[in-house]
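Peer 1: Take this structure, written in C-alpha cells, and hold onto it; I'll ask about it next.
The values are calculated or read from the model by the stated rules, or taken from the named source; none is laboratory data. Just so it is clear, the model here is predicted, and its values are computed rather than measured. Here Cβ is always computed from backbone atoms with ideal geometry, including for glycine, and neighbour counts include all displayed protein chains. Keep in mind that these areas ignore ligands, DNA and RNA; they rest on the heavy atoms of the full protein, side chains included. Shrake-Rupley method; radii C 1.70, N 1.55, O 1.52, S 1.80 Å.
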Amino acid sequence: MDERKKRNVLQWHPAVYAGFQVELEEEAERLEFENEHQLGTKPLEIDMLIIKKDADPPIRKNIGQIFRRYNLIEYKSPGDYLSIDDFYKVYAYACLYKCNAGKVEQIKVNEMTITFVCHRYPRKMIKYLMQYRGFSIRRKEEGIWLIEGDEFVMQMIVTSICMHR
C-alpha cells in the first residue's frame, strides 16, 4: 500500500473504544476498559474487553444490559462484515480468555459475555447459527439482537440500524 493510501485508512477501533467509554460514562467507575486486550503469548487479540468490577447492580445502558463480569467485544468496521469464521474466532478468543486466567475455573463461562458489533445485519452468519448451531436470534430492541442457545451469553449490535433511530 503506498504512503498516500495508508494515510487515508480510517482507524475505527479507537473510535468504537471511545464510543463505548462515552456510552457507558455514567457507570465508568464500575467498569475497567482495555483496548485490544492481548490474549496469550502469540498475537491474538480481542478488540475490546470490559471488566465489570462488581456484580450488582446491572448495567442500565442497553448495550451493556447483558454484561457479566468479563465482556468481550468484537467490532467490524463499516467496510467489513461479520462472517461465520469471525463468529468462531471470537468464540475461540472467549474460550482462550477463560482458560488463560491462571487457575482452572478461575473465570466461569457464566461470568462472560460476547458482543459482536457490525455495520450490517450478517444474514449468512445468523442463518448458519440458527441452522447448524441451533441458536435462536431474538430482537431485543432496534439494532440489538440476543443470540441464545449457548452457554456464553451473546448479543449482536448492528450500528447502521442504531444510527437511524
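Peer 1: Tally the residues that are in a strand (DSSP E or B) and open to solvent by 40 Å² or more (accessible area, probe 1.4 Å), restricting the search to the stretch 138-155.
Peer 2: Final tally of qualifying residues: 5.
Peer 1: Given the conditions (1) touching an Asp or Glu at 6+ places or on another chain (Cβ under 7 Å); (2) farther than 18 Å from TYR17 by Cβ, and given that ILE63 satisfies all but one, which numbered condition is not satisfied?
Peer 2: ILE63 satisfies all of (1) touching an Asp or Glu at 6+ places or on another chain (Cβ under 7 Å); (2) farther than 18 Å from TYR17 by Cβ except (2).
Peer 1: Can you find even one residue in the stretch 60-70 that is in contact with a Pro (Cβ under 9 Å, 6 or more places away or on another chain) and open to solvent by 30 Å² or more (accessible area, probe 1.4 Å)?
Peer 2: yes
Peer 1: Also, quick follow-up: Can you name the residue in the stretch 107-127 that is under 23 Å from ILE50 (Cβ atoms) and β-branched (Val, Ile, Thr) and is also surrounded by the fewest Cβ atoms within 10 Å (Cβ to Cβ) among such residues?
Peer 2: Within the stretch 107-127, the match that is surrounded by the fewest Cβ atoms within 10 Å (Cβ to Cβ) is VAL109.
Peer 1: Cβ contacts < 7 Å: first residue without any contact (Cβ under 8 Å) to a residue 12 or more places away in the chain, restricted to the stretch 47-63; second residue open to solvent by 30 Å² or more (accessible area, probe 1.4 Å) and outside any strand (DSSP E or B), any location; separation 6+ or different chain. Result?
Peer 2: PRO58/GLN65
Peer 1: For the stretch 141-164, which residues satisfy the criterion of being charged (D, E, K, R) and either farther than 13 Å from ILE63 by Cβ or touching a residue at least 40 places away in the same chain (Cβ under 8 Å) (or both)?
Peer 2: Of everything in the stretch 141-164, those that are charged (D, E, K, R) and either farther than 13 Å from ILE63 by Cβ or touching a residue at least 40 places away in the same chain (Cβ under 8 Å) (or both) turn out to be GLU141, GLU148, ASP150, GLU151.
Peer 1: For the condition charged (D, E, K, R), open to solvent by 40 Å² or more (accessible area, probe 1.4 Å) and farther than 22 Å from LEU96 by Cα, what is the one hit in GLU45, GLU23, GLU34?
Peer 2: Of GLU45, GLU23, GLU34, the one residue that is charged (D, E, K, R), open to solvent by 40 Å² or more (accessible area, probe 1.4 Å) and farther than 22 Å from LEU96 by Cα is GLU23.
Peer 1: Criterion first (modelled with pLDDT of 90 or more, within 25 Å of GLY149 (Cβ to Cβ) and of a type in the set (Asp, Glu)) does GLU29 satisfy it?
Peer 2: Answer is no for this residue.
Peer 1: Which condition number does TRP12 fail, the rest of (1) at pLDDT below 90; (2) surrounded by 15 or more Cβ atoms within 10 Å (Cβ to Cβ); (3) closer than 24 Å to ASP150 by Cβ being met?
Peer 2: Among (1) at pLDDT below 90; (2) surrounded by 15 or more Cβ atoms within 10 Å (Cβ to Cβ); (3) closer than 24 Å to ASP150 by Cβ, TRP12 violates only (3).
Peer 1: On to the next question. For the stretch 108-125, indicate whether the set of residues that are closer than 19 Å to HIS13 by Cα, touching a residue at least 60 places away in the same chain (Cβ under 8 Å) and not in a loop (DSSP other than H, G, I, E, B) is non-empty.
Peer 2: Yes, the conditions are met somewhere in the stretch 108-125.
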